[in-house]
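The values are calculated or read from the model by the stated rules, or taken from the named source; none is laboratory data. These numbers were taken from a predicted model, which means no experiment stands behind them. As a convention, Cβ positions derive from the backbone with ideal geometry for all residues, glycine included, and neighbour counts pool all protein chains shown. We work out accessible area using only protein heavy atoms, side chains counted, and drop any ligands, DNA or RNA first. Shrake-Rupley method; radii C 1.70, N 1.55, O 1.52, S 1.80 Å.
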Amino acid sequence: MKKTPFVTKEKVEEIVKTIPTPFHIYDESQIRENVQKLKKAFAWNRGYREYFAVKATPNPFLIKILNEYGCGCDCSSLTELMLSEAMGITGDSIMFSSNDTPANEFVYAAKLGANINLDDFTHIAFLEETLGKLPECLSLRFNPGGYFKISNSIMDNPGDAKYGLTEEQLLEGYRILKEKGVKRFGMHAFLASNTVTNDYYPTLARQLFETAVRIKKETGVELAFINLSGGIGIPYQPDQEPNDIAVIGQKVKEVYEEVLVPAGMGEVAIYTELGRFMMGPYGMLITKAIHEKHTHKEYIGCDACAVNLMRPAMYGAYHHITVLGKENEPCDHTYDVTGSLCENNDKFAIDRKLPKIDMGDYLAIHDTGAHGFAMGYNYNGKLKSAEVLLKEDGSYAMIRRAETPADYFATFDCFPEYDSITRKTR
Ligand SMILES: *Cc1c(COP(=O)(O)O)cnc(C)c1O
């Protein structure tokens with residue numbers, strides 16, 4: 001499928017008058033359209049709820065859009081909990097799916113009344129000791145180990161993942177929770193990431209539903225919810241077929257009716273914790289070509305770098321690039337598109353076929369709406385960019401300002417001898 005940017009060159013030229021590049025931009029109308037499709041796909045399940053994975057795109061202006069459709073927040077750290085709280089999203093609207101969790105984060109989650117999802121068997125005792133008493137609702141994260149396969153192809157390797165409890169620990173865990181007075185139980189699993197197939201959720205659901213039936217038989221614990229978590233992917237490459245959420249919802253329904261309903265478990269709520277699927281395609285990094293370099297290869301240097309989008313440097317991930325205004329020109333040049341870090345892996349694209357790029361051209365780097373801005377860091381003292389929302393009516397708004405040197409130096413503000421640098425830059 002041809003990847004088309006959701007902003008034009010003219011729109012970017014208008015935006016840069018007030019917000020210079022680089023910046024991430026998000027498309028409100030597509031975000032709304034997509035969340036409505038998701039809700040429709042799972043409308044057959046009475047208790048269905050999406051808890052947006054805050055770590056994917058921790059911007060309150062974007063999360064609030066999802067919250068209008070009833071989405072809660074999936075948090076995994078103190079600051080993500082604080083962000084949810086600031087948006088007024090608390091209590092049952094938070095899923096706290098953390099791991100290696102510090103005590104103070106459990107305390108904060110419990111104070112907000114969040115659903116706590118435990119990553120390990122030992123966390124049961126840890127939580128009880130930390131809080132004095134277990135909360136009434138608790139969820140356990142399952143990791144069956146081995147390889148996660150669909151038909152015969154390996155999707156991912158849970159046996160090598162740090163998350164979750166084994167099946168035996170899970171059964172023992174529910175027995176203990178029940179004994180200790182927990183009233184509402186959940187189960188969670190995240191077994192494959194960025195899956196571009198309609199079969200991931202249905203395959204996962206079958207495994208979890210069958211486990212849920214076993215739990216009921218062996219411990220008497222009836223789960224209130226099963227959390228399929230994240231992992232539904234997006235087509236980063238133009239030749240990939242996007243997932244069809246309606247088909248996914250329908251297939252999960254079939255497995256639900258086949259496995260859970262006959263076991264008398266037709267009231268179990270399905271939860272999801274999608275991140276990438278909710279936002280990924282609806283964000284782009286806009287950057288300007290500022291240098292061209294002709295050495296052993298042809299390089300285009302732009303004003304963004306891996307600090308703004310780490311996935312290519314970190315995973316060698318493909319992100320499609322469109323040269324704005326040249327959408328229909330032939331891709332008859334081969335470039336490495338680079339950022340400015342003193343790190344040779346700071347390349348948004350390697351040997352990429354693109355139209356001829358001129359200095360000052362704007363590049364749209366696609367699919368940065370999830371795990372894009374959020375993964376940013378400050379290596380080389382580079383600063384994080386602004387985030388911009390393209391609204392439904394075509395206007396735009398800044399939804400996070402760019403970092404300034406003052407932000408970068410802020411953690412020296414307790415040292416008087418560096419007061420000059422923290423003050424000067426403010
Ligand atoms: C990262 C994460 C998610 C979201 O994953 P996506 O691949 O963005 O859908 C959901 N739940 C947990 C616990 C996670 O760590």
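Table for the structure above
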read-out	value
Largest-first ellipsoid semi-axes for the chain, taking √(5λ) over the Cα gyration tensor eigenvalues, angstrom	40, 26, 19
Separation between Cα centres of the range 68-125 and the range 283-342, rounded to whole Å	37
Share of carbon and sulfur in the accessible heavy-atom surface of the range 58-174 [1.4 Å probe, %]	50
Too-long pairs where the Cα-Cα distance tops 32 Å, listed order kept, from Lys55/Lys356; Lys2/Lys251; Lys11/Lys382	Lys55/Lys356
Stretchable slack from Met1 to Ile154, in nm (0.36 nm times residue separation minus alpha-carbon distance)	52.6 nm
Antiparallel %, DSSP beta bridges [both residues in the range 28-280], to 5	10
Fraction of beta bridges assigned by DSSP in the chain that are antiparallel (%, nearest 5)	45
Prolate/oblate/rounded label for the range 282-412 (Cα gyration tensor, a/c 1.5)	oblate
Loop-resident sites, the range 92-143, for trypsin sites (Lys or Arg not before Pro), counting at most 15 other Cβ within 10 Å (DSSP)	Lys133
In the range 1-82, the trypsin sites (Lys or Arg not before Pro) that fall in loop regions by DSSP, at most 11 other Cβ within 10 Å	Lys2, Lys17, Arg46
Solvent-accessible heavy-atom area per residue, rounded to whole Å², over the chain at 1.4 Å	45
Exposure of Asp119 as accessible area (Å², to 10), given a probe of 1.4 Å and all protein chains	10
